[in-house]
Each structure stands twice: as C-alpha cells, then as structure tokens.
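K.L.:
Here it is, the structure in full.
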Amino acid sequence: MSTRSGPKVGILMGSDSDLEVMREAEKRLDFFDIAYETRIMSAHRTPDIAAEYSATAAKRGLEVIICGAGAAAHLAGTIAANTTLPVIGVPIDSSGLKGLDALLATVQMPAGIPVATMAIGKSGAANAAIFAAQIVGRKDAEVAAKLVQFKKEMAAGVEARDRKLQSERNKS
Ligand code: RP5
C-alpha cells in the first residue's frame with residue numbers, strides 16, 4: 001500500500017468472489033506506489049452505493065476507476081454513467097461462460113459512455129492497473145519513471161529467458 005497521499009485509483013468489484021483476480025491490480029498499483037482504495041459494490045445488488053461512489057469519486061480526488069465484474073457485468077458501465085473519470089473494465093471469469101459474457105457486457109458500451117475494457121481475468125486486472133498508472137503518470141513524474149523501469153525490467157526478463165533457452169539448446 002502506498003504511503004503517498006489519498007487514493008488516486010478506485011478498485012471496485014462486484015463480489016468478494018472477484019477478489020483473487022482483482023488482487024492482481026492491487027499488486028501492480030503497489031509496484032507503481034499509487035495509492036488506491038478497494039471496494040465491493042454491485043451494479044445489481046447495491047445500485048445506490050455504486051451510483052453514489054461514482055458521482056462523488058472525482059471530488060474525492062480519484063483519477064481513475066477500475067471495475068471488475070463477472071457474468072452480466074454492468075458495474076463498469078454503471079460507474080462510467082455517473083462520472084467523467086476514465087473507467088477501466090475487467091471482465092471476470094466467474095460464470096459458466098468463463099468470462100465471455102462479462103467481456104461482452106463490459107466492452108459493448110453504447111456511444112457516449114466509454115469503458116476501457118481489458119482482457120478477461122488476471123491478465124486484465126494486471127493490465128488495468130498498468131493502464132491506470134499510465135493515466136496517473138501523465139501528471140506524476142515518479143509514476144512515469146516507474147513505468148519506464150517496469151518496461152525495461154520486463155524486456156530484461158524476456159531476454160534472460162531467451163539466453164537461458166539458447167544456452168540449454170546449444171548444450172544438446
Ligand atoms: C458478479 O457476479 C460478480 O462480479 C461476480 O463475478 C459474479 C458472481 O458473484 P457471487 O455470486 O460470487 O457473489 O456480479
């Protein structure tokens with residue numbers, strides 16, 4: 001958890017059953033030292049709380065909202081309806097349709113209410129946090145520098161694995 005001032009990113013999820021997936025977003029935001037808050041709320045089960053959260057998010061200092069939901073996933077769209085902050089959707093593979101339902105429900109927003117939709121599941125949750133960092137990093141030089149470091153480390157990791165593969169193959 002960041003020690004810097006109040007939360008810049010809201011991480012919302014429709015159920016505590018989504019938490020394991022959405023932890024991937026928390027871990028990435030921890031890496032970028034971006035303060036966040038994590039809440040469980042539902043477009044269907046707690047619609048008033050979701051509406052109140054998004055309507056007050058900007059004035060509470062949030063800059064981006066990440067929403068993870070599965071099945072008939074309306075959380076991201078509902079949140080986007082009540083704020084001008086960027087909203088990032090993470091479809092969660094919690095139903096019998098393995099997230100395809102959530103993907104379509106999250107991505108197929110009508111013109112006027114955009115939701116930046118990530119991949120289904122943990123990759124999507126990780127990318128949601130990186131995307132949020134890219135938004136926050138436009139105004140925050142420390143986050144921008146960490147994004148550069150992150151890409152360098154990722155590339156170095158791939159190169160190291162390639163070197164290992166090449167040396168194993170060259171031995172045989
Ligand atoms: C969605 O329904 C939630 O986001 C979750 O992915 C799915 C199942 O919720 P639970 O029945 O496990 O609470 O609203």
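K.L.:
Please verify whether region 35-42 includes one or more residues that are free of Cβ contacts under 8 Å to residues at least 60 places away in the same chain and more than 16 Å from the chain's Cα centre (by Cα).
P.N.:
Taking every residue of region 35-42 in turn, at least one turns out to be free of Cβ contacts under 8 Å to residues at least 60 places away in the same chain and more than 16 Å from the chain's Cα centre (by Cα).
K.L.:
When you go through (1) free of Cβ contacts under 8 Å to residues at least 60 places away in the same chain; (2) more than 13 Å from the ligand (Cβ to nearest atom); (3) surrounded by fewer than 19 Cβ atoms within 10 Å (Cβ to Cβ) one by one for LYS122, which number turns out not to apply?
P.N.:
(1)
K.L.:
crowded, with 22+ Cβ neighbours inside 10 Å, within 23 Å of ALA58 (Cβ to Cβ), within 15 Å of the chain's Cα centre (by Cα) and within 15 Å of the ligand (Cβ to nearest atom): is that true of ALA76 in this structure?
P.N.:
Taking the combined requirement at face value, the residue satisfies it.
K.L.:
Does SER17 count as assigned to a loop (DSSP other than H, G, I, E, B) and among the small types (Gly, Ala, Ser)?
P.N.:
no
K.L.:
Among the residues of region 1-58, write down those that are touching a helix residue (DSSP H, G or I) at 6+ places or on another chain (Cβ under 8 Å) and at pLDDT below 95.
P.N.:
The answer is MET1, SER2.
K.L.:
Note down all Cβ pairs under 9 Å where the first residue falls in region 1-30 and is in contact (Cβ under 8 Å) with a residue 60 or more places away in the chain and over 19 Å from SER54 (Cα atoms), the second is in a loop (DSSP other than H, G, I, E, B) and within 16 Å of the ligand (Cβ to nearest atom), and they're at least six residues apart or on different chains.
P.N.:
Pairs that qualify, where the first residue is in contact (Cβ under 8 Å) with a residue 60 or more places away in the chain and over 19 Å from SER54 (Cα atoms) and the partner is in a loop (DSSP other than H, G, I, E, B) and within 16 Å of the ligand (Cβ to nearest atom), are SER17/SER94; ASP18/SER94; VAL21/ASP93; VAL21/SER94; VAL21/GLY121; GLU24/GLY121.
K.L.:
From the list SER95, SER54, exactly one residue is surrounded by fewer than 19 Cβ atoms within 10 Å (Cβ to Cβ) and among the polar types (S, T, N, Q). Which is it?
P.N.:
One residue alone meets the criteria, SER95.
K.L.:
GLU142 - would you say it is acidic (Asp, Glu), in contact with a Phe, Trp or Tyr (Cβ under 9 Å, 6 or more places away or on another chain) and in a helix (DSSP H, G or I)?
P.N.:
Values: acidic (Asp, Glu): yes; in contact with a Phe, Trp or Tyr (Cβ under 9 Å, 6 or more places away or on another chain): yes; in a helix (DSSP H, G or I): yes.
Here the answer is yes, as GLU142 does meet what is asked.
K.L.:
Further, regarding this structure: Given the options VAL90, VAL107, name the one that is under 17 Å from the mean Cα position of the chain (by Cα) and more than 13 Å from the ligand (Cβ to nearest atom).
P.N.:
Criteria check complete, one pass: VAL107.
K.L.:
Give just the number: which of (1) near the ligand (Cβ under 10 Å from one of its atoms); (2) of a type in the set (D, E, K, R); (3) surrounded by fewer than 16 Cβ atoms within 10 Å (Cβ to Cβ); (4) in contact (Cβ under 8 Å) with a residue 40 or more places away in the chain does ARG60 not satisfy?
P.N.:
So the condition that ARG60 fails would be (1).
The values are calculated or read from the model by the stated rules, or taken from the named source; none is laboratory data. Bear in mind that the values here come from a model prediction, so they are computed numbers and not experimental data. Virtual Cβ from ideal backbone geometry, glycine too; neighbours counted across all protein chains shown.
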